[in-house]
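The structure appears right after this line, and notes come after that.
The values are calculated or read from the model by the stated rules, or taken from the named source; none is laboratory data. Worth saying up front: this structure is predicted, and the values here are computed from it rather than measured. With ideal geometry, Cβ positions are generated from the backbone for all residues, glycine too; neighbour counts draw on all protein chains shown. SASA here: full protein model, heavy atoms, side chains in, ligands and nucleic acids out. Shrake-Rupley method; radii C 1.70, N 1.55, O 1.52, S 1.80 Å.
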Amino acid sequence: MSKAMTRDIDTSRTAVTDEVAIEISGMNKWFGSFHVLRDIDLTVHRGERIVIAGPSGSGKSTLIRCINRLEEHQSGRIVVDGIELTNDIKNIDKVRSEVGMVFQHFNLFPHLTVLENCTLAPIWVRKTPRRQAETTAMEYLEKVRIPEQAGKYPGQLSGGQQQRVAIARSLCMQPRIMLFDEPTSALDPEMIKEVLDTMIELAEDGMTMICVTHEMGFAQAVAHRVIFMDQGQIVEQNNPHDFFHNPRSERTRLFLSQIL
Ligand code: ADP
Ligand code: MG
C-alpha cells in the first residue's frame with residue numbers, strides 16, 4: 001500500500017439516498033467447477049461509496065465485473081438501477097450505459113488520441129454529434145485537469161495521466177454509477193495521489209462508487225462502507241472507522257495487519 005495522503009472530502013454536496021442503485025441477492029458464480037463468488041448479498045444506495053478490500057484472488061474483480069455483466073453470474077439476482085441483469089442483451093446494454101468502469105491498466109485505445117478515446121463511445125454508441133461529444137469530452141478532461149493533453153496519444157502520457165483520461169472517458173458516457181478496479185495499483189507512488197484526488201472530486205459530486213482498492217487512506221476519507229472479501233465471500237462490512245479500528249473477524253484482522 002502506498003502512503004499517499006488524500007485530503008479530506010467535502011461532504012456538503014453528497015448524501016446517501018434511500019434509493020437503491022444496485023441490489024445483489026443470493027448471487028453465486030462459478031468458473032467451470034471453481035466456485036468463485038458465494039452467496040453474495042449487497043445493496044448499494046444512490047450516492048453511496050463503497051470500498052472493497054481483500055486478498056488477491058478473493059473475487060473482488062469478478063464481483064464488480066458481474067455488475068456490468070463483463071462476467072455472467074449463475075444464480076441469484078443482480079439488479080442495477082431497477083434493471084435485472086439477465087441474458088437479455090437490451091438490459092445489458094442499458095446497464096452498461098449507466099455504469100462506468102475504470103481498470104488497473106487503463107485500457108485506453110493506443111492508436112487514438114486522448115480526445116478520440118473520450119468521444120468514441122458517445123459518438124458510436126450514444127450517437128452524439130461529434131462536435132457536442134468533443135465539447136463534453138473537453139469539459140471532463142478539464143475536470144481531471146489534463147485538457148492540454150487532448151491531442152496526444154496515450155503512450156505519450158504518464159500512467160497517472162492515462163488513468164485520469166480513463167476516468168474522463170468513462171464520465172463522457174454520463175454514468176450514474178462508477179466502478180473502479182484497483183485504479184492506482186499499476187501507478188508509481190508519485191502518481192497515485194493525482195488519481196485519488198480525481199476520485200475524491202467525483203465523490204464530492206455525489207457519484208455512486210464502488211472501488212476495489214488497497215488505498216486505505218482513501219477508504220477512510222471517502223468510503224461510507226468498507227467491504228472485506230475472502231475466498232469469494234463477503235466476510236465483513238462496516239463503516240471505515242469501525243472496520244479499521246475494530247475489525248470483527250480474525251480474517252479481517254489478519255488482512256489489515258498485512259497491509260497497514
Ligand atoms: P481478486 O480481484 O480479488 O484478486 P479475481 O476476481 O480476479 O480476484 O479472481 C478470483 C478467483 O477467480 C481467482 O482464483 C482467479 O484465479 C479466478 N479467476 C478469475 N478470472 C477467471 C477466469 N476468467 N477463469 C477462471 N478463473 C478465474
Ligand atoms: Mg482483482
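Which condition breaks for Ile177 when tested against (1) open to solvent by 10 Å² or more (accessible area, probe 1.4 Å); (2) within 26 Å of Val44 (Cβ to Cβ); (3) not basic (Lys, Arg)?
(1)
Does region 26-65 hold any residues that are hydrophobic (A, V, I, L, M, F, W, C), over 12 Å from Met229 (Cα atoms) and near ligand 1 (Cβ under 8 Å from one of its atoms), and which are they?
Those that are hydrophobic (A, V, I, L, M, F, W, C), over 12 Å from Met229 (Cα atoms) and near ligand 1 (Cβ under 8 Å from one of its atoms): Phe31, Phe34.
Test Glu84 against the criterion of being in contact with a helix residue (DSSP H, G or I) (Cβ under 9 Å, 6 or more places away or on another chain) and within 16 Å of ligand 2 (Cβ to nearest atom), and give yes or no.
When the stated conditions are applied, Glu84 does not pass them.
Looking only at region 96-138, which residues are more than 16 Å from ligand 2 (Cβ to nearest atom), in contact with a strand residue (DSSP E or B) (Cβ under 8 Å, 6 or more places away or on another chain) and modelled with pLDDT of 95 or more?
Start the filter on region 96-138 by keeping residues that are more than 16 Å from ligand 2 (Cβ to nearest atom), which leaves 96-100, 108-138.
With the extra rule that they be in contact with a strand residue (DSSP E or B) (Cβ under 8 Å, 6 or more places away or on another chain), the set shrinks to 98-100.
Within region 96-138, Val99, Gly100 meet the criteria.
Assess whether Leu63 counts as being under 16 Å from Cys211 (Cβ atoms), within 15 Å of ligand 2 (Cβ to nearest atom) and open to solvent by less than 10 Å² (accessible area, probe 1.4 Å).
yes
Within 16 Å of ligand 2 (Cβ to nearest atom), in contact with a strand residue (DSSP E or B) (Cβ under 9 Å, 6 or more places away or on another chain) and of a type in the set (Ser, Thr, Tyr): does that describe Ser58?
yes
For region 66-102, enumerate the residues that are within 13 Å of ligand 1 (Cβ to nearest atom), closer than 20 Å to Val125 by Cα and either free of Cβ contacts under 8 Å to residues at least 40 places away in the same chain or open to solvent by 40 Å² or more (accessible area, probe 1.4 Å) (or both).
So in region 66-102, the residues within 13 Å of ligand 1 (Cβ to nearest atom) come out as 66-67, 70-73.
With closer than 20 Å to Val125 by Cα added as a condition, the list becomes 67, 70.
Of everything in region 66-102, just one residue is within 13 Å of ligand 1 (Cβ to nearest atom), closer than 20 Å to Val125 by Cα and either free of Cβ contacts under 8 Å to residues at least 40 places away in the same chain or open to solvent by 40 Å² or more (accessible area, probe 1.4 Å) (or both), namely Leu70.
Quickly run through region 180-192 and pick out the residues that are open to solvent by less than 50 Å² (accessible area, probe 1.4 Å) and of a type outside the set (A, V, I, L, M, F, W, C).
Residues satisfying the conditions are Asp181, Glu182, Pro183, Thr184.
For region 11-60, enumerate the residues that are assigned to a strand (DSSP E or B), surrounded by 16 or more Cβ atoms within 10 Å (Cβ to Cβ) and acidic (Asp, Glu).
Glu23 - this is the single residue of region 11-60 that is assigned to a strand (DSSP E or B), surrounded by 16 or more Cβ atoms within 10 Å (Cβ to Cβ) and acidic (Asp, Glu).
Which condition breaks for Leu260 when tested against (1) open to solvent by less than 30 Å² (accessible area, probe 1.4 Å); (2) over 26 Å from Arg145 (Cβ atoms); (3) at pLDDT below 95?
Exception for Leu260: condition (1).
Find the residue count for region 108-119, including only residues that are open to solvent by less than 80 Å² (accessible area, probe 1.4 Å) and either assigned to a loop (DSSP other than H, G, I, E, B) or in contact (Cβ under 8 Å) with a residue 40 or more places away in the chain (or both).
7
Can you tell me how many residues in region 120-143 are in a helix (DSSP H, G or I) and among the β-branched types (Val, Ile, Thr)?
Residues that pass the stated criteria total 3.
Applying the selection to region 137-172, what residues are open to solvent by 30 Å² or more (accessible area, probe 1.4 Å), within 17 Å of Thr198 (Cα to Cα) and in contact (Cβ under 8 Å) with a residue 12 or more places away in the chain?
If the condition is that a residue be open to solvent by 30 Å² or more (accessible area, probe 1.4 Å), within 17 Å of Thr198 (Cα to Cα) and in contact (Cβ under 8 Å) with a residue 12 or more places away in the chain, then Met138, Tyr140, Lys143, Arg145, Ser158, Gln161, Gln162, Arg169 are the ones that fit.
Report yes if some residue within region 227-242 is part of a helix (DSSP H, G or I), open to solvent by 10 Å² or more (accessible area, probe 1.4 Å), within 30 Å of Lys29 (Cα to Cα) and touching a helix residue (DSSP H, G or I) at 6+ places or on another chain (Cβ under 7 Å); otherwise report no.
yes
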